[in-house]
Amino acid sequence: MSSSPPVSSAAAAGLNLAQQEAVNYLHGPCLVLAGAGSGKTRVITHKIGRLIQTGLKPEQIAAITFTNKAAAEMRERAKSLIGKQARGVLICTFHALGVRMLRQDGAALGLKPQFSILDSDDVTSILKDAGGSTDAATVRNWQWTISRWKGMGLNAAQAEGQVNGDEERVIARIMAQYEERLSAYQSVDFDDLIGLPLKLLQEHEAVRSKWQAALGHVLVDEYQDTNATQYEVLKLLVGERGRFTAVGDDDQSIYGWRGATLDNLKKLPQDFPKLKVVKLEQNYRSTSAILRAANNVIGPNPKLYPKTLFSELGEGEPVRVLDCDSEEHEAERVVARIQSLRAEGSLLAEGGQYREWKDFCVLYRANHMAKPFEKAFRKANIPYKVSGGQSFFDRAEIKDLCSWMVLLVNNDNNPAFIRSIKTPKRGIGHTTLGALSLFADTYKLSLFESLFSNSLNSVLPAKAVGSLHEFGRYLNELEQRAKKTVGAEEARVFLADWLKEIDYEKHLYAGEESEKVAAARWSNVMDFCDWMAQRCGGQIADASGAVVEKETKTMLEVVQTIALLSTISEREGEQNVVTLSTLHASKGLEWPHVVLAGCNEGLLPFKLEDDDGANSDSIALRLQEERRLMYVGITRAQRTLAVNWLRRRKKGRDMIPGVPSRFIAEMALDKTTIKEDPREKIKALRAEFAKKSADSLAAAAAFKHR
Ligand code: ATP
Ligand code: MG
């Protein structure tokens, strides 16, 4: 071939020609547009290496991923490809990039470097307070509306200027109070992590030039799921030179409901006329049988960019459709399937590959669908993890406890300070905290340092100062105790005393509408204490229940490791366990054996018709997004795929007859590939046997009468 691209390590590393073209195009805007499993993410990792090879410093490269987990995985891949240098590359989500920009340059917007970031639970509780409602649905509606306005770049005043009706006017006013509280607490929410950096880049030329000069190349994975604000941030980061690489697949855009927009894909060629578009056509992930089903499903959707996708991995196992009587029956069938595929795997001569737990994944539409599988897996001793749902350490009650722990180690951690002082409530209101925060800001102190300042009396009434002092003293005392607490046994006492002293159990029960939820939360707290105590060492029970002696640590030493918790949950990804995941959280990932659970009308596609006021256009658009979700699900599978549907399913408290998802028919599987229920088979055999017996009886009778 005469026009072969420059020879580089990329070729040796296993990239096809189109991938090499994208990797070697270094000095202008580049879009890689291709179907699932075609090696788009691989292009990003290799391009990082190529950019460094051609002289860019690792710090000059930013690779933006969709989730923290994807960032962790890309960091790993980059490390194994280019070694230590990968450490310098900024690999993170848009939100994490926003944090970095605001920590460095947020002062231009009046933000202190140690501002705190509120999570969704924090926002809910501030809104409950600001709007004076405890009704979860109402508060959620406020949260969504405010988030939508922020996504459109509106502040409270601007929102009030364009409201539609009284309800929205009320929300705009609550938003004004919400803004006030956020600034009093020096806090930002998730939307601000994109909105404020954009404001920085738009309004502060010095900051914009600094970032444009600092970044030699920006790479964006899962580009189809960026929203309008993120695109604006990207444009301002890369400036006119437009040195960036975006990779994406319009058929995998599944976050429209959260504001992601395919307009970002459509706009690229207009905004960057020199855009180089590379298409990849070979899928390296799935067998032909799986890929054909995926292509058939996505077929009916309108095409933004026509694409073809082929696999050279052979036809492979046919896609199975399993019908199940109920959710419980489905879980049993999945257990049986996993066990038999593993047994078969251990017998396989070719490749000698043993099928590990981590080779299996069950995907479903909604978080609550994990439960029957969790129960069945526990019963069958199958190790598993639930991803995409709420991880243990993301739970509000665990975050409450962690904030106390973090504060013990670092008194100056303001977000932890705010969370702890309010959990449980100790009569210190937001006016006091606002004044404390202003005071801390004025004197450049942390909130904790401000507590004991003599001049605090001048800005707060004696009673408020008294309550603050009491909290500060309690913290100091707790820290001293944690230093002296050694080993699991003492740790248990320490933790139990502390929970009693802050009256946490009562706080949980008071905050929950339902006792059942509060009890579940309290049982998580107990799990957490157990986990912490175990880490303090001494005589503890190991996984099999046997008592072993482990090196002892003080409670404070263990607490110090809490700061590393985020890395713990990342490490969970490497465990050898079956994955249970929502379809949304499975994006970008792959497993040898995948089960798509609950493929019923009303679940996948999700109830389309129930939405009041939805017109036929919006229903059609939602159906398209559901179809893309099914496409994402199918294309996670490498070797085998089973698609389940339920004959009867729960709807609220009732059981209703189940209808198989229209997507099953759209997969257009060969009839022969659809495996029958074994019980149906037995029934058929019995019927055949009965018929044969009847026939032979009839024959015998006929013989007799001859
Ligand atoms: P998705 O659309 O699901 O995000 P993707 O396009 O990002 O998929 P990758 O995850 O990069 O695809 O690649 C899919 C699989 O194919 C991975 O296991 C990857 O290692 C492998 N792969 C990619 N390119 C090649 C190649 N040129 N040769 C061999 N294997 C490849
Ligand atoms: Mg990918």
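Please note which helices (runs of 4 or more DSSP H) are completely contained in region 404-458 and include at least 2 residues that are open to solvent by 50 Å² or more (accessible area, probe 1.4 Å).
Values: elements: 414-421, 430-442, 447-451.
Those helices (runs of 4 or more DSSP H) span 430-442.
Go through the residues of region 186-193 one by one and say whether even a single one is free of Cβ contacts under 8 Å to residues at least 40 places away in the same chain, over 19 Å from Ile91 (Cα atoms), more than 16 Å from ligand 1 (Cβ to nearest atom) and open to solvent by 50 Å² or more (accessible area, probe 1.4 Å). Don't jump to the end; show me each part of the working.
Taking region 186-193 and keeping what is free of Cβ contacts under 8 Å to residues at least 40 places away in the same chain, we get none.
No: zero hits.
Tell me, yes or no, whether region 161-168 has at least one residue that is of a type in the set (Asp, Glu), in contact with a helix residue (DSSP H, G or I) (Cβ under 8 Å, 6 or more places away or on another chain) and more than 28 Å from Thr245 (Cα to Cα).
Taking region 161-168 as the starting set, the residues that turn out to be of a type in the set (Asp, Glu) are 166-168.
Next, from what is left, pick out any that are in contact with a helix residue (DSSP H, G or I) (Cβ under 8 Å, 6 or more places away or on another chain): 168.
Next, from what is left, pick out any that are more than 28 Å from Thr245 (Cα to Cα): 168.
Looking through region 161-168, at least one residue is of a type in the set (Asp, Glu), in contact with a helix residue (DSSP H, G or I) (Cβ under 8 Å, 6 or more places away or on another chain) and more than 28 Å from Thr245 (Cα to Cα).
Can you name the condition, by its number, that Lys553 falls short on among (1) outside the structural domain of Ala665 (by TED's automatic domain parsing); (2) at pLDDT 85 or above; (3) surrounded by fewer than 18 Cβ atoms within 10 Å (Cβ to Cβ)?
Only one criterion is unmet by Lys553, namely (3).
Of Arg636, Arg627, which residue is closer than 17 Å to Val321 by Cα, in the same structural domain as Val594 (by TED's automatic domain parsing) and under 26 Å from the mean Cα position of the chain (by Cα)? Spell out how you get there, then give the answer.
Numbers: Arg627 fails: closer than 17 Å to Val321 by Cα.
Result: Arg636 is the single residue among Arg636, Arg627 that is closer than 17 Å to Val321 by Cα, in the same structural domain as Val594 (by TED's automatic domain parsing) and under 26 Å from the mean Cα position of the chain (by Cα).
Just checking, how many residues over region 256-297 are within 17 Å of Ala36 (Cα to Cα) and either open to solvent by less than 20 Å² (accessible area, probe 1.4 Å) or more than 16 Å from ligand 1 (Cβ to nearest atom) (or both)?
Going through region 256-297 one residue at a time, the tally reaches 14.
All but one of (1) part of a helix (DSSP H, G or I); (2) over 20 Å from Thr45 (Cα atoms); (3) in contact with a Gly (Cβ under 7 Å, 6 or more places away or on another chain) hold for Gln224; state the number of the condition that does not hold.
With respect to (1) part of a helix (DSSP H, G or I); (2) over 20 Å from Thr45 (Cα atoms); (3) in contact with a Gly (Cβ under 7 Å, 6 or more places away or on another chain), Gln224 is out only on (2).
Taking the options Ala96, Ala136, Ala130, name whichever one is over 19 Å from Ala176 (Cβ atoms), in the same structural domain as Glu180 (by TED's automatic domain parsing) and not charged (D, E, K, R). Let's see the steps before the verdict.
Values: Ala96 fails: in the same structural domain as Glu180 (by TED's automatic domain parsing); Ala130 fails: over 19 Å from Ala176 (Cβ atoms).
Just a single option satisfies the conditions, and that option is Ala136.
Limited to region 25-65, what total is found for residues that are within 14 Å of ligand 1 (Cβ to nearest atom), among the polar types (S, T, N, Q) and open to solvent by 10 Å² or more (accessible area, probe 1.4 Å)?
1
Looking at region 133-185, which of the residues that are closer than 24 Å to Phe115 by Cα and acidic (Asp, Glu) is least open to solvent (accessible area, probe 1.4 Å)?
Out of the qualifying residues, it is Glu179.
What about Asp129, is it in contact with a His (Cβ under 8 Å, 6 or more places away or on another chain), under 23 Å from Gln143 (Cα atoms), buried (at least 16 other Cβ atoms within 10 Å of the Cβ) and at pLDDT below 85?
Values: in contact with a His (Cβ under 8 Å, 6 or more places away or on another chain): yes; under 23 Å from Gln143 (Cα atoms): yes; buried (at least 16 other Cβ atoms within 10 Å of the Cβ): yes; at pLDDT below 85: yes.
When the stated conditions are applied, Asp129 passes them.
Please enumerate the residues belonging to region 260-287 that are among the charged types (D, E, K, R) and either without any contact (Cβ under 8 Å) to a residue 60 or more places away in the chain or touching a strand residue (DSSP E or B) at 6+ places or on another chain (Cβ under 8 Å) (or both).
Within region 260-287, the first condition is being among the charged types (D, E, K, R), and the residues that meet it are 263, 266-267, 271, 274, 276, 279, 281, 285.
Those that are among the charged types (D, E, K, R) and either without any contact (Cβ under 8 Å) to a residue 60 or more places away in the chain or touching a strand residue (DSSP E or B) at 6+ places or on another chain (Cβ under 8 Å) (or both): Asp263, Lys266, Lys267, Asp271, Lys276, Lys279, Glu281, Arg285.
The values are calculated or read from the model by the stated rules, or taken from the named source; none is laboratory data. Bear in mind that the values here come from a model prediction, so they are computed numbers and not experimental data. Backbone-built Cβ (ideal geometry, glycine too); neighbour counts: all protein chains shown. Note: areas computed on protein heavy atoms with side chains; ligands, DNA, RNA excluded. Shrake-Rupley method; radii C 1.70, N 1.55, O 1.52, S 1.80 Å.
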